[in-house]
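The values are calculated or read from the model by the stated rules, or taken from the named source; none is laboratory data. Only a predicted model underlies this, so the values are computations on that prediction, with no experimental measurement involved. Cβ placement follows ideal geometry from the backbone for every residue including glycine, while neighbour counts extend to all protein chains displayed.
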Amino acid sequence: MINAILFDLDETLLDRTGSLRLFLTDQHKRHEAIAHVSVEDYTELFLTLDARGTKPQLETYTALLGHLGQVDEDLANTMHGEYEDGFPQFVQLVAGSEELLLYLRQKGLHTGIISNGREDHQMRNIYKLKLDLLVDGILVSEKEGIRKPDPEIFWRAASRLSLKPEECLFVGDNPEADILGAQTAGMQSMWVPNGATWPTDAPTNPGFEADSLKAVHDMLVRIGV
């Protein structure tokens, strides 16, 4: 029996790519050194180098400026600082997030977030989106000292809700960190790709699968959750 639905943050509840597009559009306007490249090209190059948040941001900015012919460490540091300070002002929810979380609360299910990342950065995003008011627990890898897909972080999330892993369903976009990690921990899983692709060298078992949080909502209703 499912008694809790746990979620990844970036690209699952938080529309990270859409939020980045808004932030990068604003950032592009403020730097004459990159004015020779269009905001569209600047944004797409950043997103490519960022690789869905799997690269350190300072490394991304350094590589980005190198591609644009601006090998400037000070500028990379400045732009990275702008990201650290300014990104939370542009964050947006994935469509259907709030409605789904409110539905789960109405149904009496526990909810939570398990996110890889730095605690200060992720919590600023969570507070800005008011997700802390909509879930029962939040685990961020830096604070926990352990990262997905290590099963320990999933076990901790279940334990803090006084549940067993098999009573939890985990929803996420990353095949390895989210889906296979949750399955290894003994949880059920639901893959919502949101632009991610399943790796060819990974076991092909995404568990449940949906193309949007609206579809997740509909599926949970159908299976009686």
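Quick one: count up the residues across the range 135-193 that are under 20 Å from Pro203 (Cα atoms) and aliphatic (A, V, I, L, M).
10
The rows are residues; the columns are (1) hydroxyl-bearing (Ser, Thr, Tyr); (2) within 18 Å of Glu84 (Cβ to Cβ); (3) touching a helix residue (DSSP H, G or I) at 6+ places or on another chain (Cβ under 9 Å).
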{"position": "Lys29", "(1), (2), (3)": "no, no, yes"}
{"position": "Glu32", "(1), (2), (3)": "no, no, no"}
{"position": "Ser38", "(1), (2), (3)": "yes, no, yes"}
{"position": "Leu49", "(1), (2), (3)": "no, yes, yes"}
{"position": "Gly53", "(1), (2), (3)": "no, yes, yes"}
{"position": "Gln57", "(1), (2), (3)": "no, yes, yes"}
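Out of everything in the range 80-100 that is touching a Leu at 6+ places or on another chain (Cβ under 8 Å) and without any contact (Cβ under 8 Å) to a residue 60 or more places away in the chain, what residue ends up being nearest to Tyr127 (Cα to Cα)?
Restricting to residues being touching a Leu at 6+ places or on another chain (Cβ under 8 Å) and without any contact (Cβ under 8 Å) to a residue 60 or more places away in the chain, the top hit is Glu98.
Take the residues of the range 1-10 that are in contact with a helix residue (DSSP H, G or I) (Cβ under 7 Å, 6 or more places away or on another chain) and crowded, with 17+ Cβ neighbours inside 10 Å: which is modelled with the lowest pLDDT?
The selected residue is Ile2.
Cβ contacts < 7 Å: first residue within 15 Å of Gly195 (Cα to Cα), restricted to the range 209-220; second residue of a type in the set (Asp, Glu), any location; separation 6+ or different chain. Result?
Pairs found: none.
Scan Arg52, Arg21 and give me the residue that is within 28 Å of Val171 (Cα to Cα), in a helix (DSSP H, G or I) and not assigned by TED's automatic domain parsing to the domain that holds Lys214.
Arg21
Table: residues versus (1) assigned by TED's automatic domain parsing to the domain that holds Glu176; (2) out of contact with any Leu (no Cβ under 9 Å at 6 or more places or on another chain); (3) not β-branched (Val, Ile, Thr).
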| residue | (1), (2), (3) |
| --- | --- |
| Tyr42 | no, no, yes |
| Leu58 | no, yes, yes |
| Leu65 | no, no, yes |
| Thr78 | no, yes, no |
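Kindly indicate whether Thr12 is polar (S, T, N, Q) and in a helix (DSSP H, G or I).
Against the criterion (polar (S, T, N, Q) and in a helix (DSSP H, G or I)), Thr12 does not qualify.
Search the range 97-126 for residues being assigned to a loop (DSSP other than H, G, I, E, B) and more than 15 Å from the chain's Cα centre (by Cα), and hand back the single one that is surrounded by the fewest Cβ atoms within 10 Å (Cβ to Cβ).
Gly108
From the residues in the range 172-208 that are among the polar types (S, T, N, Q) and crowded, with 18+ Cβ neighbours inside 10 Å, which one is farthest from the chain's Cα centre (by Cα)?
The residue in question is Gln183.
Among the residues of the range 25-60 satisfying the criterion of being under 19 Å from the mean Cα position of the chain (by Cα) and of a type in the set (S, T, N, Q), which is farthest from Ala177 (Cα to Cα)?
My answer is Thr43.
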